[in-house]
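Working notes, beginning with the structure itself.
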Amino acid sequence: MTLVQALVNGILRSGLYALTSSGLALSVGVIGIVNFAHGEFLVLGAYLAYWAFVLAGVDPLLALPLGALLLFALGAGLYHFAVRPVLAAPELNQMLLTFGISVVLQNAALILWRGDPRTINPWYRSLPVQFAGVSTGLGRLLVFLLAAALVTGLFALLSRTRFGQAMRAVSQNREGAAVVGIGVNRTYLLAFGLSAALAGMAGVMLSTVLYAHPMLGLEFTLKAFSIVVMAGLGNLTGVLWASIVLGVAESLVGTYVPRGSGLADSVFFLLILLVLIARPKGLGAR
Amino acid sequence: MEPARRTRRTPLLPVAGLAATAVFPFVVGPYLLHVGVTVLLWATLALSWDILARTGQVSLGHAGFFGAGVYSAALAHAHWGAGVIPGMLLAAVVAALLALVLGTVTLRLEGIYFAIATLAFGEVLRTLVTYFEGATGGPMGIGVPPMFGGNRVAAYYLVALLLVLTVAASYVVGSSRVRLALTCMRTNPQVAEALGVPTVKIKIALFVVSSSLVGMAGAAYIHYVTFAVPQEAFNLGISLSSVVASIFGGLYSTSGPLVGNLLLKSAEEYLRITVKYGHPIVYGLVLVLAVLFMPGGVVGVVKRWRSWK
């Protein structure tokens, strides 16, 4: 495999990382909540796409809006009934709460859908695409483009709309935002819902390039956390860079090191460790 | 929640707990004895986590040190025929050295950054051990013969001894000046520095102590269950359940993590038998409810109840 091919594979892979992680960056950056259940939202999205495809024949990519809506509602509900009461509690209690939610959702998925991976095959999944000697599946390309579009949309939302401005204001200075008349609690609720919706959409798309499985949640939570931490808390542009760095690093190791796919995760975490040691507040910190 | 200022009173509860632990093997059958070993082993993990947490550092790296202990002991047996005791001593040294290095390079990290760094450390160890299968057995795992020729009562007392050691460490750390220094470091690190508290030394020292206890627990574990694979030895669940037990029981105390671990592990074992399928969902629900309605932990609830009387 050529170097260019490995780089392209890594970049394609980083699309879903960026989408998932920017969702987590919202809940960490705006609300300050360390959400261990973030990956579980992604798993729910993946199963939603699976069932929509199997039961109703709906194409997973057309199920995206539905996934976003349902996960937004779930996120908003969870915020209202579980997260809001612990906002003033120590960080540890918040971590424990979201960890508990993650355990509940993960096992609910196990009980409902068992532990076998569920794969779906929409027509574009393994349709080969070739360009200048580089090849990939159409599914992976579509997923990357959609993820990139959604992340761009998120950036536009944050910088151009009043809601986005409110979120940024609240994340910078909660009291100040309240003083100028921003509904802090409402902004938190929307931000948490949006965060869940982003993970849900990533999950819907993940079902077309990988599979749906209850245990995927933890893996993606950890990767998203690592990306967010590497970027520096609340730094959304940094999330993009960190996603690409990690996606490409995984791909390179998988390509060039013998039996490297087993080491890819190691590289992922080793990079995070090194970045943290060198830059204790993340790459994006000033 | 901070524990109330310790006053001198008869140590009734610790003595009763010690006595109950000592006679336990004589009053129960083999099944409960096995549960007892598990509870004691995980109690060591929870309490050693809390010892480090008192410096303000939230670690998710317990799994890494546990796995390091498991593999030190197993490899020491494979190469030199080392039994459980030398295995535990070696595991303590290996874990201590790893903690010394990791603690030194992650000194400046705080909060979630430290948590992620320690988590990454454990994951790196796990994938490395899985990858170098020539030396470690890789994903197929590694085995040792059962300790003390399979005598489970002896195994129970060894694990109990390790817990006593951990409790002793917790008492030393929780005593007078050190405790005041730790409380200050946790609540306001700048003030602690200004007052001349050697925060760097304390952080590293407690990281080393905590990790070597975990390493010994890992060594005892492999010699008890006789077989382990990397997925299990470096399981993130080890890190998480240590955190959970301490918070559920009550942070920054000796009794909190012990009580929390006892309740959670017993409940988990009971559920495992009664609700055969998907029982951890109840475990998760209990956690959520506990955080929402009793944030001070079990010990906090008992304290409040006592002060009302």
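The values are calculated or read from the model by the stated rules, or taken from the named source; none is laboratory data. Values in this document were obtained by computation on a predicted structure and should not be read as measured data. Cβ sites come from the backbone with ideal geometry, for glycine too, and all protein chains shown count toward neighbours.
I need the full set of residues from region A:177-205 which are surrounded by 23 or more Cβ atoms within 10 Å (Cβ to Cβ), more than 23 Å from A:VAL83 (Cα to Cα) and out of contact with any Leu (no Cβ under 6 Å at 6 or more places or on another chain), in order please.
Matches in region A:177-205: A:MET205 only.
Taking B:PRO139, is it at pLDDT 95 or above, over 18 Å from the mean Cα position of the chain (by Cα), under 28 Å from B:THR226 (Cβ atoms) and not hydrophobic (A, V, I, L, M, F, W, C)?
It is false that B:PRO139 is at pLDDT 95 or above, over 18 Å from the mean Cα position of the chain (by Cα), under 28 Å from B:THR226 (Cβ atoms) and not hydrophobic (A, V, I, L, M, F, W, C).
Just to be sure I understand the filter: pairs with C-beta atoms under 6 Å, separated by 6 or more residues or on different chains, first member in region A:1-29 and over 27 Å from A:VAL43 (Cβ atoms), second member assigned to a helix (DSSP H, G or I) and among the polar types (S, T, N, Q). Which pairs pass?
A:MET1/A:THR255; A:ALA6/A:SER251; A:ALA6/A:THR255
Could you figure out which of (1) more than 20 Å from A:PHE99 (Cα to Cα); (2) within 14 Å of chain A (Cβ to nearest Cβ) isn't true of B:GLY284?
(1)
Look through A:ALA52, A:ALA56, A:ALA82, A:ALA46 and report the one residue that is in contact with a strand residue (DSSP E or B) (Cβ under 8 Å, 6 or more places away or on another chain) and not charged (D, E, K, R).
A:ALA46
Residues that are surrounded by fewer than 20 Cβ atoms within 10 Å (Cβ to Cβ): list the helices (runs of 4 or more DSSP H) wholly contained in region B:194-252 that include at least 3 such residues.
Numbers: elements: B:199-225, B:230-233, B:236-249.
By residue number, B:199-225.
Look at region A:124-163 and say how many of its residues are surrounded by fewer than 17 Cβ atoms within 10 Å (Cβ to Cβ) and part of a helix (DSSP H, G or I).
Summing the residues that are surrounded by fewer than 17 Cβ atoms within 10 Å (Cβ to Cβ) and part of a helix (DSSP H, G or I) in region A:124-163 gives 13.
With the checklist (1) in a loop (DSSP other than H, G, I, E, B); (2) more than 22 Å from B:LEU240 (Cα to Cα); (3) touching a residue at least 40 places away in the same chain (Cβ under 8 Å) in hand, flag the one item B:THR55 doesn't pass.
(2)
Conditions: (1) within 15 Å of A:ALA196 (Cβ to Cβ); (2) surrounded by fewer than 24 Cβ atoms within 10 Å (Cβ to Cβ); (3) of a type in the set (Val, Ile, Thr). A:ILE31 meets all but one. Number of the miss?
With respect to (1) within 15 Å of A:ALA196 (Cβ to Cβ); (2) surrounded by fewer than 24 Cβ atoms within 10 Å (Cβ to Cβ); (3) of a type in the set (Val, Ile, Thr), A:ILE31 is out only on (2).
Answer with yes or no whether A:VAL58 is part of a helix (DSSP H, G or I), over 14 Å from the mean Cα position of the chain (by Cα), over 30 Å from A:ALA166 (Cα atoms) and not small (Gly, Ala, Ser). Let's see the steps before the verdict.
Numbers: part of a helix (DSSP H, G or I): no; over 14 Å from the mean Cα position of the chain (by Cα): yes; over 30 Å from A:ALA166 (Cα atoms): yes; not small (Gly, Ala, Ser): yes.
No: the conditions fail for A:VAL58.
Determine, yes or no, whether B:PRO295 is touching a residue at least 60 places away in the same chain (Cβ under 8 Å), within 11 Å of chain A (Cβ to nearest Cβ) and over 30 Å from B:GLY174 (Cβ atoms). Even if it seems obvious, please write down each step before you answer.
Details: touching a residue at least 60 places away in the same chain (Cβ under 8 Å): yes; within 11 Å of chain A (Cβ to nearest Cβ): yes; over 30 Å from B:GLY174 (Cβ atoms): no.
Answer is no for this residue.
So, in region B:80-124, how many residues would count as being among the small types (Gly, Ala, Ser), crowded, with 16+ Cβ neighbours inside 10 Å and within 14 Å of chain A (Cβ to nearest Cβ)?
Counting residues in region B:80-124 that are among the small types (Gly, Ala, Ser), crowded, with 16+ Cβ neighbours inside 10 Å and within 14 Å of chain A (Cβ to nearest Cβ) gives 5.
Only one of these conditions is not met by A:PHE225: (1) within 24 Å of A:ARG125 (Cα to Cα); (2) of a type outside the set (S, T, N, Q); (3) surrounded by 24 or more Cβ atoms within 10 Å (Cβ to Cβ). Which number is it?
(1)
For the structure I just gave you, tell me whether A:SER243 is in contact with a Ser or Thr (Cβ under 6 Å, 6 or more places away or on another chain) and polar (S, T, N, Q).
In short, yes.
In this structure, does B:TYR157 turn out to be touching a helix residue (DSSP H, G or I) at 6+ places or on another chain (Cβ under 6 Å), surrounded by fewer than 24 Cβ atoms within 10 Å (Cβ to Cβ) and more than 22 Å from B:GLY111 (Cα to Cα)? Spell out the reasoning first.
On the way: touching a helix residue (DSSP H, G or I) at 6+ places or on another chain (Cβ under 6 Å): no; surrounded by fewer than 24 Cβ atoms within 10 Å (Cβ to Cβ): yes; more than 22 Å from B:GLY111 (Cα to Cα): yes.
No, not satisfied.
Suppose we keep only residues that are among the aromatic types (Phe, Trp, Tyr) and more than 8 Å from every other protein chain (Cβ to nearest Cβ) within region A:79-102. Which one would you say is farthest from A:GLU40 (Cα to Cα)? It would help to see each step written out before you state the result.
Within region A:79-102, the subset among the aromatic types (Phe, Trp, Tyr) is A:79, A:81, A:99.
Those still in the list that are more than 8 Å from every other protein chain (Cβ to nearest Cβ) too: A:79, A:81.
On the way: A:TYR79: 15, A:PHE81: 18 Å.
Restricting to residues being among the aromatic types (Phe, Trp, Tyr) and more than 8 Å from every other protein chain (Cβ to nearest Cβ), the top hit is A:PHE81.
Just wondering, is there one or more residues in region A:226-245 that are within 13 Å of chain B (Cβ to nearest Cβ) and either more than 19 Å from the chain's Cα centre (by Cα) or among the acidic types (Asp, Glu) (or both)?
No.
Across region B:128-142, what is the total count of residues that are facing chain A (nearest Cβ under 8 Å) and touching a residue at least 40 places away in the same chain (Cβ under 8 Å)?
Residues flagged as facing chain A (nearest Cβ under 8 Å) and touching a residue at least 40 places away in the same chain (Cβ under 8 Å) within region B:128-142 amount to 1.
In region B:132-153, how many are of a type in the set (S, T, N, Q) and surrounded by 13 or more Cβ atoms within 10 Å (Cβ to Cβ)? Can you show your working first?
Applying the first criterion (of a type in the set (S, T, N, Q)) to region B:132-153 yields B:136, B:151.
Okay, now just the ones that are also surrounded by 13 or more Cβ atoms within 10 Å (Cβ to Cβ), so B:136.
Qualifying residue count, region B:132-153: 1.
Go through A:LEU96, A:LEU105 for me and flag whichever is buried (at least 19 other Cβ atoms within 10 Å of the Cβ), of a type outside the set (Val, Ile, Thr), closer than 21 Å to A:ALA199 by Cα and more than 18 Å from the chain's Cα centre (by Cα).
Being buried (at least 19 other Cβ atoms within 10 Å of the Cβ), of a type outside the set (Val, Ile, Thr), closer than 21 Å to A:ALA199 by Cα and more than 18 Å from the chain's Cα centre (by Cα) holds for just one of A:LEU96, A:LEU105, which is A:LEU96.
Which of the residues belonging to region B:253-281 are within 13 Å of chain A (Cβ to nearest Cβ) and either surrounded by fewer than 24 Cβ atoms within 10 Å (Cβ to Cβ) or farther than 22 Å from A:PHE36 by Cα (or both)?
If the condition is that a residue be within 13 Å of chain A (Cβ to nearest Cβ) and either surrounded by fewer than 24 Cβ atoms within 10 Å (Cβ to Cβ) or farther than 22 Å from A:PHE36 by Cα (or both), then B:GLY256, B:LEU264, B:GLU268, B:LEU271, B:ARG272, B:VAL275, B:LYS276, B:TYR277, B:GLY278, B:HIS279, B:PRO280, B:ILE281 are the ones that fit.
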